[in-house]
1. Anything in the range 51-65 that is open to solvent by less than 100 Å² (accessible area, probe 1.4 Å) and closer than 19 Å to Thr112 by Cα? List them, or say none.
2. What's the number of the only condition in (1) at pLDDT 95 or above; (2) within 23 Å of Arg17 (Cα to Cα); (3) among the hydrophobic types (A, V, I, L, M, F, W, C) that Met70 fails to meet?
3. Tell me, please, whether a residue that is within 23 Å of Phe59 (Cα to Cα), β-branched (Val, Ile, Thr) and either out of contact with any strand residue (DSSP E or B) (no Cβ under 8 Å at 6 or more places or on another chain) or in a helix (DSSP H, G or I) (or both) can be found in the range 86-96.
4. Restricting attention to the range 65-85, which residues are β-branched (Val, Ile, Thr) and either under 18 Å from Glu129 (Cα atoms) or assigned to a helix (DSSP H, G or I) (or both)?
5. Kindly evaluate Val48 against the criterion of being assigned to a loop (DSSP other than H, G, I, E, B) and either at pLDDT 75 or above or open to solvent by less than 80 Å² (accessible area, probe 1.4 Å) (or both).
6. Just to be sure before I move on: is Thr119 in a loop (DSSP other than H, G, I, E, B), of a type in the set (S, T, N, Q), within 17 Å of the chain's Cα centre (by Cα) and farther than 13 Å from Ile131 by Cα in the structure I sent?
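The values are calculated or read from the model by the stated rules, or taken from the named source; none is laboratory data. Please read these numbers as outputs of a predicted model, since none were measured by experiment. Reconstructed Cβ throughout: ideal geometry from the backbone, glycine too, with neighbour counts over all protein chains shown. Only protein heavy atoms, including side chains, enter the accessible area calculation; ligands, DNA and RNA are left aside. Shrake-Rupley method; radii C 1.70, N 1.55, O 1.52, S 1.80 Å.
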Amino acid sequence: MQIERYMGRISGPLLDRIDLHIEVPAVPFQELAAPTEGTTSAQMRAQVQSARTRQRERFGPGSSRLNGRMTSRQLRKFCVLDEPGKALLRTAMESLGLSARAHDRILRMARTIADLDGTDNIQERHVSEAIGYRSLDRKLWKR
């Protein structure tokens, strides 16, 4: 009840300016204590450096621009979706009542996810993951 009351204080325009909002549930002790293999810091660093290299190549030599700072014109140029991706984004926009700003944030996030995945084209799975990072949009829409 307190969480819902607090969430009611967050305005839509403010929420639109937050790229990632996800719920992180408590992790059971058994899972924390289990010896599992995961991504190492070195592996993650290499993946991020590779994605940043892709972005530097995309925006031109000497540019320090990253996907999160793309202009509207750059969004239309570098975030072209295939038909399944467009259909998925359209459905999310309509069913969640997302704003134009949220739409653009999802595109930027999908572009970054594709870069981290090492692909030139944004695919439906990248759009799906980006939409998944908008959990507060889903919660606010349900009210």
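1. Within the range 51-65, Ala51, Thr53, Arg54, Gln55, Arg58, Phe59, Gly60, Ser63, Arg65 meet the criteria.
2. Of the numbered conditions (1) at pLDDT 95 or above; (2) within 23 Å of Arg17 (Cα to Cα); (3) among the hydrophobic types (A, V, I, L, M, F, W, C), the odd one out for Met70 is (1).
3. No.
4. Result: Val80, single match.
5. No, not satisfied.
6. Taking the combined requirement at face value, the residue satisfies it.
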